[in-house]
């Protein structure tokens, strides 16, 4: 069997590339740059939309999978730009409103969300009390270029429906609605107030399918892939790549599917695992 020297590395952003409240570790930036110099390709693979990854692009990447697979770019080509059906969005919002579940609508360029989402949490709430997806949502509210109030929504194509609430009945109805036609992902519960959050997008897209799309574009088998993630929206990625790596700070549920566990971002997990995988020298 021919040894696949060049690797295709897919890295989640929130909770993986960095931890909220901190910058991307210098060790991770160094590792990514060095790996690319060594001939490997490195991609972002995130639930974030295209607008909210811009500050990471100067690090240097070969492409990105955004909105959990709904938008993909590599080699200056858009491979996927898949929005959700308008009727579907309307029906999801009706369920959410009925059960007092708050939600946001994510487009390629901006997120429209209810301001009540950030008001659900006390001022003293710290990032380590939130899962990485919820921390991202709250952080987006600080930047008007990334998030606007839901009432400003003008009908742009939606890539992802994100929700948070206490009603287990309402969340179950959302899940039942999605059955066999939409992709429903539930995150770990956040802090101690029984809040549940998750995301919904088209069944034809996922991080895993996005990775397959990129590998098909480059005509390279999945045996050349490595993926890094931390939360349950990384599950399809971890299951798709040849070597699935979960961060120490990540979801205990996700760790069950990992080939290996690496240190947290703050403890140089990306850099250390790049060394262990032979992508760069120590």
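With a requirement of 2 or more residues that are in the same structural domain as residue 179 (by TED's automatic domain parsing) and in contact with a strand residue (DSSP E or B) (Cβ under 9 Å, 6 or more places away or on another chain), the strands (runs of 3 or more DSSP E) lying completely within segment 194-269 that satisfy it span 196-202.
In segment 38-49, which residue that is modelled with pLDDT of 95 or more and crowded, with 16+ Cβ neighbours inside 10 Å is nearest to the chain's Cα centre (by Cα)? Top of the filtered list is 46.
Answer yes or no: is there a residue in segment 42-50 that is part of a helix (DSSP H, G or I) and over 19 Å from residue 238 (Cα atoms). Yes, the conditions are met somewhere in segment 42-50.
Going through 175, 179 one at a time, which residue ends up being without any contact (Cβ under 8 Å) to a residue 12 or more places away in the chain, over 25 Å from residue 79 (Cα atoms) and within 20 Å of the chain's Cα centre (by Cα)? Spell out the reasoning first.
Numbers: 179 fails: within 20 Å of the chain's Cα centre (by Cα).
Residue meeting the stated conditions: 175.
When segment 268-280 is limited to residues that are out of contact with any helix residue (DSSP H, G or I) (no Cβ under 7 Å at 6 or more places or on another chain) and surrounded by fewer than 21 Cβ atoms within 10 Å (Cβ to Cβ), the one that is farthest from residue 21 (Cα to Cα) turns out to be 278.
Picking from residues in segment 155-193 that are closer than 16 Å to residue 49 by Cβ and part of a loop (DSSP other than H, G, I, E, B), the one that is modelled with the lowest pLDDT is 156.
Residue 265 fulfils the conditions (1) surrounded by fewer than 24 Cβ atoms within 10 Å (Cβ to Cβ); (2) in contact (Cβ under 8 Å) with a residue 24 or more places away in the chain; (3) farther than 26 Å from residue 184 by Cα except for a single criterion, (1).
Checked against the criteria, residue 200 counts as touching a helix residue (DSSP H, G or I) at 6+ places or on another chain (Cβ under 7 Å), at pLDDT 90 or above and farther than 18 Å from residue 64 by Cα.
Okay, residues lined up against (1) buried (at least 22 other Cβ atoms within 10 Å of the Cβ); (2) at positive phi; (3) outside any helix (DSSP H, G or I); (4) in the same structural domain as residue 174 (by TED's automatic domain parsing):
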| position | (1), (2), (3), (4) |
| --- | --- |
| 53 | no, no, no, no |
| 56 | no, no, no, no |
| 61 | no, no, yes, no |
| 65 | yes, no, yes, no |
| 73 | no, no, yes, no |
| 93 | no, no, no, yes |
| 96 | yes, no, no, yes |
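The rows are residues; the columns are (1) touching a residue at least 24 places away in the same chain (Cβ under 8 Å); (2) within 12 Å of residue 45 (Cβ to Cβ); (3) out of contact with any helix residue (DSSP H, G or I) (no Cβ under 9 Å at 6 or more places or on another chain); (4) buried (at least 24 other Cβ atoms within 10 Å of the Cβ).
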{"position": "237", "(1), (2), (3), (4)": "yes, yes, no, yes"}
{"position": "242", "(1), (2), (3), (4)": "no, no, no, no"}
{"position": "251", "(1), (2), (3), (4)": "yes, no, no, no"}
{"position": "258", "(1), (2), (3), (4)": "no, no, no, no"}
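Assess whether residue 35 counts as being at pLDDT 95 or above, part of a helix (DSSP H, G or I) and closer than 22 Å to residue 254 by Cβ. Judged against the criteria, residue 35 is not a match.
The values are calculated or read from the model by the stated rules, or taken from the named source; none is laboratory data. These numbers were taken from a predicted model, which means no experiment stands behind them. No Cβ is skipped: glycine too gets one built from the backbone with ideal geometry, and neighbour counts run over all protein chains shown.
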